[in-house]
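Asker: Supplied in structure tokens, the structure appears directly below.
The values are calculated or read from the model by the stated rules, or taken from the named source; none is laboratory data. As the structure is a computational prediction, the values presented were derived from the model and not from experiment. All Cβ positions, even for glycine, are placed from backbone atoms using ideal geometry, and neighbour counts span all protein chains on display.
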Amino acid sequence: MGFGPQLSLLLWKNLIVLWRSKCMFLLELAFLFILLPVVLVVVRYAPKPEIEEQYSFEPFQVTGDSLDINRSISHISSIDKYYNCGRDVDIHLGFSYEPGMDKLAFEIMEALSERYSDNETMRIFIHNFTRLETMMEVLKEDLNSTREYMCSEYIGGVHFQNVRLQSGKSKPQLVYRILMPQKTNMLTENNDFDLSLFWFDNSPNSAQADHNQIPGKPPYWQRGFLSIQFAIESTFIEMNKGPDYMKNKDLYLLRVPIDKSMDGGIFFFLKGVMVLWLLSISGIMLHTSKEIVIDKEAGIKTYMSVMGLHPLAFYLSHIIFGIIKSTAVMVICTALLSIRLQFSSSLLFITLTVLFAVSMIFMSALFSAIFKTTQLAQLFCMVIPILLVILNHQLAPAITNVWLCFLFSLNPITAFYYGLAHIINAEKNMIYLGWFSIFDNGTTQFTIAYVLFMFIVDSAVLCFLIFYIDSVFPTDGSAKKHPLFLFENFWKRHSHQRLNKMPPVDQTDSKILIENMEPENASIDEADIIIQNLSKRFGFWGNLAVDNLNFRAYRGQVTVLLGHNGAGKTTTFSMITGSITSSGGYVIICGRNLEDNLDDCRKVIVHKHNPLFEKVTVREHLQLYAGLKTATLNGPHGKNILNEEIADILDSINLSASLDIQSQNLSGGQKRKLCVAISLVAGSQVVLLDEPTAGMDPIARKEISTLLTKIKKDRTILLTTHYMDEADKLGDRVGIMVNGRLMCNGSPDFLKKKFGTGFILTIVCNSQPQFFFENIEEILTTIQKHSPDAYVYRSNRFPQFSIILPISDKRHFADLFDELQFEKERLCIDSFGLSLNTLEQVFLSEDVADGNVTETPAQKLASTLFGVRQQQFVNTNFSKVKLWLRQIFALLWRQYLWTIRNPLRSLLPIAIALLLFYLIKPSSSPKDSNDNKHRSLSLDDANEQFRIPIQIADPKLHKVFTDLSESVCSNCFFNIDPKKDLHSELKNYVHQMPPMVAGVAIYENKSSGHLQFEAIFNGLAIHSPPSAISFISNGLLGSKSSSIRLTIEVYDIPRTIPEDISAIFTQIALSIGIILCFSIFSASMLVPLVEERSIKFKHQLMLTKLHVVTYWISVFIWNAIFYTFYCSFLLLFFLYFGWMEGHFGSLIQLWAAYLWCYVAQIAFVSFLFDKWQRAFTALFSWGTITSIFFLVLTIILTYMLHSPMQNI
């Protein structure tokens, strides 16, 4: 059946279910549209945006001397006012150097000291430290002793890494770094030097709110950074070019003009719309994952997969409905917001949000494919999007780093973040963004076209992961494929020839086949199921569940498999249906090898699970599954023929009256009848039925038997049953399995004759109990006169016993019965009767025909757990102490097995602790703040695409700077005609890509007669001012490459002062983290106790010799062991991060005391709930809420008593 028809059938089914769940659907829509009022308020009451006109900036001079100290720039603090705390300031600038650099470093720094020595308000003195480590210690100590990081003794430091003057062919080289203190806002954790970004808001298109000649942040001007930089670089230039080289050259900084823009309105709301959209569609994500997992838990997907349903059709049927629901919400809310958008296409905005919702729905389906339970799937639907938002906030690259943006956009939230950024920037910059402009600047930035493309890629990748994970790691019992199944065609191109190359039947069974197998009269062409040398071993060292199994099931016959529990019947069925792969051998279905033609073979196979949807009627079930089998909704021969077939089948099983009743309203027996009808509808050629009449009353069983007998003519039916009379009546051939092998196979009559013990003569005596066995001997002697081979079959049920009479002696039975009747009084016979041997006797005899009886693992476990065995294994020669110890050990071993076999539940507290401490770590670990951060300010190291504007009339200087530009980036400079106005030309290039970062304009200043060098910088490029100065310095040096390289390095200190707000936040966060960790741990340890009580396992334990005190002692011991491991894990974290140092002894005592409290608590709570989910939620909520309440109360009381919190 094609993929399309399968999908359409499932969509039809989902539509029926949706229509019959109107109340739930309306509630779901109400939740989805909870965001609608917020959108309406924003659209109605958000203020109109303010339009800011184009703005050009005047250049300002940088001299690199004392004049810069008092230089005033509009709205920017001068250097002396920034450092002046109400008095004249003498401030130091430290410097250090690498070995061998001392002479030139001293010369540069002494010249710098002279430049700043004559200022009256602020004087800068240099201080030599020789070694960088020594200087860093002094700088950090100075920062630590500074009030609010202001009025410090040191302005910073300079470290020279390489200083070399021009000598002959040797080129000059100046590699140095300027060190600045990092000043952090304690409330917002914002740093004044953010070295992680190149562009503000990670985009060169974002609107600029700062209209100063130089941006106020980073404080490159206020801190004196730019002045010190130019002082050092100009001094180095004079050392190479001569002392008078810079006298007629003036440096100015010129900011690139700002174009017209808008601000205010709904822009603030748009920045947070991603979180609101996530909240809105979270309900759809949860509902979609729940519906998928419920169908998987009920075995419906497994059943339909066995019939050939493509797994993607199953998932997509749910995903499409989730997409339709989310699209309704996204379209309405986005359309309303689009009313307030003036420069963005409404359809483009709607498409963006809809594709985002689609990718998130696919993500929720992925979780349902990975996890087996609804709770875990929904948990990840809530947690993973939050983590993805955090990752996007911390790691999203700049929009100009195109290929890295492609990689990070595999996170749909990051892709949506970029899409919203384009919408917001288009509105702010008043540049229309429509469908015809989505590819603009596609080579230099991550455009919105790429965003839309990545949404499609994300959905496709998630779709592929769903298909692959469900195929290779199914969680519902579906067939598991090889991890490289996608490439199977490369090595299985001739798989159709394998039928002719099948090995002969295993000769180890030849003797059994000859003696115990009835010859088959049918031809091999009539065998629709051929099993040959089929084997299955679970695990590498596991036992063989099926061992070289061989049999055939023929068309027109009902083949029955019998066997005790564990004989391998279900495993055999699973291999025939393809649910599990075999370890060896072949399964041939209708002439096709199952391994090579799985999908084709499955079209004719039906499995045992109840494939019933609660809100779908009997008629609709049969139509659905007939459609899945035949690729059409109305079966292979049309609607009328299908309806006739449905009516005929339902009449045969007395289910016609329930034709339009939903399956949730059927009884258990009626549901089983419907399952049998589903297996037969649409003319299934091969039918597999696993205990089809289980749970049915005798009348219903008879109806099913009649139906199977009626329809078997053109079908091959293979079934298992525990009703021997049913197998005797229905089976054309009956096979009995023992330990994975077929011990015998033939018609019921053949088996009776082959393995039957003859007729059973049952006699009831009226003798006294003490003479019972003597009476048996006397009766047997009388019987053996007529049947010498007769023997006693059962004699342990006074006053009744049984004697087996061989079939060969049946001609003597009349004389025997006459004599027994005549001697009835003498032989003390009350009554007697003769019965035929049944198939059950054959089954029982074959059940033990395998040899010596051994103790099963279950019997061993029961023996160890309870101190007793089943009657045939009784051995209670244990002392009371030894028995008690064995019981404790067995219970602990069971807890251990539960722990390792439920890793998600067991490791949940540890995983939560890892996550919480990871989130707390950045604000508390001193290691982070001790590591200095640095960034190269050379354009060579920018790793960005940009352009360099150049306006120079002098040909020689023009050649120098163009050559320098070419060394920085190939073909990135553009010339501006010296005759044209620089500001006007820069305005024309503001929004062109690649963006401008740094540039140069040189012309003669008519008032001073000097050459005026204007370092052009872009205010959106955070570190462009020092980069622009460095670019001009290299040009003045005459270098064709960057000979002068500058790096900024910021230093900070660990914030360990108790009064520090950040430290208080860390203490509170750590306290809440510990509360959450122990609350989750307690709730997790409660789960197995509630489960044991709810499934009556604990009750079964109490019915044995196990004492209730022993049970609770084992519970305490196991909790103590696991609790110790968990606390040790937490202590390692505390030790690593330096938390609670010196208090570990007290902490261990406190946790040891808590052990007794929490064990008593979970023991008590386990009696209050019947479901572990509710118990977990209740205990976790109680522990968290009460603990946080008392934490807040403690903080309040502490501060009321004026006692500041100490380090935790």
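Asker: Return yes or no: is Ile91 more than 29 Å from Val1000 (Cβ to Cβ) and modelled with pLDDT of 85 or more?
Answerer: yes
For (1) farther than 27 Å from Leu689 by Cβ; (2) within 21 Å of the chain's Cα centre (by Cα); (3) crowded, with 20+ Cβ neighbours inside 10 Å, each residue gets a yes or a no:
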site: Met262; (1), (2), (3): yes, no, no
site: Val273; (1), (2), (3): yes, no, yes
site: Met285; (1), (2), (3): yes, yes, yes
site: Ser289; (1), (2), (3): yes, yes, yes
site: Ile300; (1), (2), (3): no, no, no
site: Tyr303; (1), (2), (3): no, no, yes
site: Gly308; (1), (2), (3): no, no, yes
site: Leu312; (1), (2), (3): yes, yes, no
site: Tyr315; (1), (2), (3): yes, yes, yes
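Asker: Right, another one. Kindly evaluate Ser831 against the criterion of being polar (S, T, N, Q), at pLDDT 85 or above, outside the structural domain of Phe1122 (by TED's automatic domain parsing) and part of a loop (DSSP other than H, G, I, E, B). Full working, then the answer.
Answerer: Working: polar (S, T, N, Q): yes; at pLDDT 85 or above: yes; outside the structural domain of Phe1122 (by TED's automatic domain parsing): yes; part of a loop (DSSP other than H, G, I, E, B): no.
Criteria not met by Ser831.
Asker: Which condition breaks for Leu761 when tested against (1) touching a Cys at 6+ places or on another chain (Cβ under 8 Å); (2) aliphatic (A, V, I, L, M); (3) under 30 Å from Leu820 (Cβ atoms)?
Answerer: Leu761 satisfies all of (1) touching a Cys at 6+ places or on another chain (Cβ under 8 Å); (2) aliphatic (A, V, I, L, M); (3) under 30 Å from Leu820 (Cβ atoms) except (1).
Asker: Taking the condition of being closer than 16 Å to Phe95 by Cβ and either among the hydrophobic types (A, V, I, L, M, F, W, C) or buried (at least 19 other Cβ atoms within 10 Å of the Cβ) (or both), how many residues in region 106-126 meet it?
Answerer: 10
Asker: Return the total of residues in region 108-126 being assigned to a helix (DSSP H, G or I) and more than 20 Å from Met246 (Cα to Cα).
Answerer: Initially, region 108-126 is screened for residues assigned to a helix (DSSP H, G or I), giving 108-115.
Filter again for more than 20 Å from Met246 (Cα to Cα), leaving none.
Result for region 108-126: 0.
Asker: Please report, ordered by residue number, the helices (runs of 4 or more DSSP H) entirely within region 330-431 with at least 2 residues that are at pLDDT below 85.
Answerer: On the way: elements: 346-370, 374-395, 402-408, 412-429.
The helices (runs of 4 or more DSSP H) meeting that bar are 374-395, 412-429.
Asker: Filter region 924-936 down to the residues that are among the polar types (S, T, N, Q) and surrounded by 14 or more Cβ atoms within 10 Å (Cβ to Cβ), then identify the one that is modelled with the highest pLDDT. Break it down stepwise before answering.
Answerer: Within region 924-936, the first condition is being among the polar types (S, T, N, Q), and the residues that meet it are 924-925, 929-930, 932, 936.
Right, trim to surrounded by 14 or more Cβ atoms within 10 Å (Cβ to Cβ) and you get 924-925, 929, 932, 936.
Details: Ser924: 47, Ser925: 45, Ser929: 45, Asn932: 74, Ser936: 89.
Looking at residues that are among the polar types (S, T, N, Q) and surrounded by 14 or more Cβ atoms within 10 Å (Cβ to Cβ), I get Ser936.
Asker: With among the aromatic types (Phe, Trp, Tyr), touching a residue at least 60 places away in the same chain (Cβ under 8 Å) and more than 24 Å from Val62 (Cα to Cα) as the only criterion, which of Tyr97, Tyr116, Tyr154 stands out? Please lay out each step first, then the result.
Answerer: Working: Tyr116 fails: more than 24 Å from Val62 (Cα to Cα); Tyr154 fails: more than 24 Å from Val62 (Cα to Cα).
None of the other options fit; the residue is Tyr97.
Asker: Something else now. Of all residues in region 17-50, which are among the β-branched types (Val, Ile, Thr) and out of contact with any Lys or Arg (no Cβ under 7 Å at 6 or more places or on another chain)? Step through it out loud before you land on a result.
Answerer: So the first thing to find is which residues in region 17-50 are among the β-branched types (Val, Ile, Thr), and the list is 17, 34, 38-39, 41-43.
If the condition is that a residue be among the β-branched types (Val, Ile, Thr) and out of contact with any Lys or Arg (no Cβ under 7 Å at 6 or more places or on another chain), then Ile34, Val38, Val39, Val41, Val42 are the ones that fit.
Asker: Please indicate, with yes or no, whether at least one residue in region 1131-1141 is hydrophobic (A, V, I, L, M, F, W, C), at pLDDT 80 or above and farther than 29 Å from Ser1094 by Cα.
Answerer: Of region 1131-1141, the ones hydrophobic (A, V, I, L, M, F, W, C) are 1131-1135, 1137, 1139-1140.
When the remaining residues are screened for being at pLDDT 80 or above, the result is 1131-1132.
Narrowing further to those that are farther than 29 Å from Ser1094 by Cα: 1131-1132.
Yes, there is a match, as at least one residue in region 1131-1141 is hydrophobic (A, V, I, L, M, F, W, C), at pLDDT 80 or above and farther than 29 Å from Ser1094 by Cα.
Asker: Further question on the same structure: For Phe1122, indicate whether it is surrounded by 15 or more Cβ atoms within 10 Å (Cβ to Cβ), of a type in the set (A, V, I, L, M, F, W, C) and in a helix (DSSP H, G or I). Steps first, please.
Answerer: On the way: surrounded by 15 or more Cβ atoms within 10 Å (Cβ to Cβ): yes; of a type in the set (A, V, I, L, M, F, W, C): yes; in a helix (DSSP H, G or I): yes.
Criteria met by Phe1122.
Matching residues to (1) of a type in the set (Phe, Trp, Tyr); (2) modelled with pLDDT of 75 or more; (3) surrounded by 11 or more Cβ atoms within 10 Å (Cβ to Cβ); (4) farther than 19 Å from Lys1098 by Cα:
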{"residue": "Gln872", "(1), (2), (3), (4)": "no, no, no, yes"}
{"residue": "Lys880", "(1), (2), (3), (4)": "no, yes, no, yes"}
{"residue": "Leu885", "(1), (2), (3), (4)": "no, yes, yes, no"}
{"residue": "Arg894", "(1), (2), (3), (4)": "no, yes, yes, no"}
{"residue": "Leu897", "(1), (2), (3), (4)": "no, yes, no, no"}
{"residue": "Leu904", "(1), (2), (3), (4)": "no, no, yes, yes"}
{"residue": "Pro909", "(1), (2), (3), (4)": "no, yes, yes, yes"}
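Asker: Please identify the pairs in which a residue from region 1175-1193 that is in the same structural domain as Leu1076 (by TED's automatic domain parsing) has its Cβ atom under 8 Å from the Cβ atom of a residue that is loosely packed, with under 13 Cβ neighbours inside 10 Å and not aromatic (Phe, Trp, Tyr), counting only partners at least 6 apart or on another chain.
Answerer: Taking only residues 6 or more apart or on different chains, the pairs are Ala1175/Leu1168; Ala1178/Leu1168.
Asker: Which numbered condition in (1) buried (at least 17 other Cβ atoms within 10 Å of the Cβ); (2) assigned by TED's automatic domain parsing to the domain that holds Ile361; (3) of a type outside the set (A, V, I, L, M, F, W, C) is the only one that Gly442 fails?
Answerer: Answer for Gly442: the failing condition is (1).
Asker: Does at least one position in region 796-804 carry a residue that is under 27 Å from Gln768 (Cβ atoms), in contact with a Ser or Thr (Cβ under 8 Å, 6 or more places away or on another chain) and part of a loop (DSSP other than H, G, I, E, B)?
Answerer: Yes - at least one qualifying residue is present in region 796-804.
Asker: Something else now. Residue under question is Leu278, and the condition is that it be within 30 Å of Ile423 (Cα to Cα) and either out of contact with any helix residue (DSSP H, G or I) (no Cβ under 7 Å at 6 or more places or on another chain) or without any contact (Cβ under 8 Å) to a residue 12 or more places away in the chain (or both); does it hold? Please lay out each step first, then the result.
Answerer: Numbers: within 30 Å of Ile423 (Cα to Cα): yes; either out of contact with any helix residue (DSSP H, G or I) (no Cβ under 7 Å at 6 or more places or on another chain) or without any contact (Cβ under 8 Å) to a residue 12 or more places away in the chain (or both): no.
Against the criterion (within 30 Å of Ile423 (Cα to Cα) and either out of contact with any helix residue (DSSP H, G or I) (no Cβ under 7 Å at 6 or more places or on another chain) or without any contact (Cβ under 8 Å) to a residue 12 or more places away in the chain (or both)), Leu278 does not qualify.
Asker: With respect to the numbered conditions (1) assigned by TED's automatic domain parsing to the domain that holds Gly556; (2) more than 60 Å from the chain's Cα centre (by Cα), which one is the sole condition not fulfilled by Val764?
Answerer: (1)
Asker: If you don't mind, another one. Any residue in region 214-230 that is more than 21 Å from His159 (Cα to Cα) sitting within a Cβ distance under 6 Å of a residue that is surrounded by fewer than 23 Cβ atoms within 10 Å (Cβ to Cβ) and small (Gly, Ala, Ser)? List the pairs, counting only those 6 or more apart or interchain.
Answerer: Pro215/Gly1019
The rows are residues; the columns are (1) surrounded by 14 or more Cβ atoms within 10 Å (Cβ to Cβ); (2) of a type in the set (Asp, Glu); (3) more than 18 Å from Gly322 (Cβ to Cβ).
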| position | (1), (2), (3) |
| --- | --- |
| Leu7 | yes, no, no |
| Phe33 | yes, no, no |
| Leu36 | yes, no, yes |
| Pro47 | no, no, yes |
| Ile51 | no, no, yes |
| Ser56 | yes, no, yes |
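Asker: Leu650 fails exactly one of the following numbered conditions: (1) under 20 Å from Ile699 (Cα atoms); (2) out of contact with any Ser or Thr (no Cβ under 7 Å at 6 or more places or on another chain); (3) not in a loop (DSSP other than H, G, I, E, B). What is the number of that condition?
Answerer: Tallying (1) under 20 Å from Ile699 (Cα atoms); (2) out of contact with any Ser or Thr (no Cβ under 7 Å at 6 or more places or on another chain); (3) not in a loop (DSSP other than H, G, I, E, B), Leu650 fails exactly one: (2).
Asker: Another question, if that's okay. Has region 1098-1117 got at least one residue that is surrounded by 15 or more Cβ atoms within 10 Å (Cβ to Cβ) and within 31 Å of the chain's Cα centre (by Cα)?
Answerer: no
Asker: May I ask you to list the residues in region 371-385 that are surrounded by fewer than 24 Cβ atoms within 10 Å (Cβ to Cβ) and in contact with a helix residue (DSSP H, G or I) (Cβ under 6 Å, 6 or more places away or on another chain)?
Answerer: First pass over region 371-385, keeping only residues surrounded by fewer than 24 Cβ atoms within 10 Å (Cβ to Cβ): 371-376, 378-380, 382-385.
Phe371, Thr374, Gln378, Phe380, Pro385, listed by residue number.
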